[in-house]
Amino acid sequence: MATSSIIENIKVNNPRVIEEYLAAMEKAASEPIAEKKDSGTVRITDPAELKKIMLRGIEKWGRK
């Protein structure tokens with residue numbers, strides 16, 4: 001619904017702009033979506049490990 005209201009409010013008087021927009025849309029549709037690369041982050045779910053990390057932060061920055 002949001003995109004339909006955005007599209008209805010666009011007014012373009014220059015045919016070149018419309019052609020460039022359509023060319024960009026066609027290019028985006030034809031190119032494959034790049035796969036997300038692994039960022040190297042690790043999800044920590046062990047409560048003891050999480051507590052150790054949180055306490056390390058408190059020790060580093062001081063208790064408030």
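Report every pair of residues separated by at least 6 positions or lying on different chains whose Cβ atoms are under 9 Å apart, first residue within the range 12-36 and modelled with pLDDT under 85, second surrounded by 10 or more Cβ atoms within 10 Å (Cβ to Cβ).
From residues that are modelled with pLDDT under 85, the pairs are V12/I18; V12/Y21.
Report, by residue number, each residue of the range 28-47 that is in a helix (DSSP H, G or I) and either surrounded by 10 or more Cβ atoms within 10 Å (Cβ to Cβ) or over 19 Å from the mean Cα position of the chain (by Cα) (or both).
Answer for the range 28-47, where residues must be in a helix (DSSP H, G or I) and either surrounded by 10 or more Cβ atoms within 10 Å (Cβ to Cβ) or over 19 Å from the mean Cα position of the chain (by Cα) (or both): S30, P47.
Taking the condition of a type in the set (A, V, I, L, M, F, W, C) and loosely packed, with under 10 Cβ neighbours inside 10 Å, does A23 pass?
No.
Kindly provide the set of residues from the range 9-27 that are outside any helix (DSSP H, G or I) and either β-branched (V, I, T) or touching a Gly at 6+ places or on another chain (Cβ under 8 Å) (or both), ordered by number.
Once the filter is applied, which keeps residues that are outside any helix (DSSP H, G or I) and either β-branched (V, I, T) or touching a Gly at 6+ places or on another chain (Cβ under 8 Å) (or both), the range 9-27 yields I10, V12.
The values are calculated or read from the model by the stated rules, or taken from the named source; none is laboratory data. All of these numbers come straight from a predicted model, not from anything done at the bench. We place every Cβ from the backbone using ideal geometry, glycine too, and count neighbours over all the protein chains shown.
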